[in-house]
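Heads up, the thing below is written out as structure tokens.
Only the coordinates and a few stated rules stand behind these numbers; no lab work does. None of these values were measured; they are calculated from a predicted model. Cβ atoms come from the backbone with ideal geometry, glycine included; neighbour counts cover every protein chain shown.
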Amino acid sequence: PTDYLPADRMIPILPCRSIDDQLAFYEAIGFEVTYRQKAPNVFAAVRRGPIELQFFVLKDYPPADNYSTCYVLTADVDRLYAESATA
């Protein structure tokens, strides 16, 4: 169901060493796996209520050198821009 999703959302896309380990952890704390891709790039998404996280695999991932990204989703980009410009 998507009735709990707000119009504006942010979705972190985080690196991990193992999708299997990552998904096992998040499932253990109540998240649902909503997407899993094995090729060409290992990728997965989990959701619990309004919280959505996405993960990609970096085989030689050194946590000290972490990098990630975040989607910002909106149905009204002009409104979001105007609000952020005045903040």
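At least 2 residues being loosely packed, with under 13 Cβ neighbours inside 10 Å and out of contact with any Lys or Arg (no Cβ under 7 Å at 6 or more places or on another chain) is the threshold, and among the strands (runs of 3 or more DSSP E) wholly inside the range 11-74 those reaching it are 32-37, 69-73.
Where residues in the range 25-52 are acidic (Asp, Glu) and under 14 Å from the mean Cα position of the chain (by Cα), which of them is farthest from Pro15 (Cα to Cα)? Filtering first and then ranking leaves Glu32.
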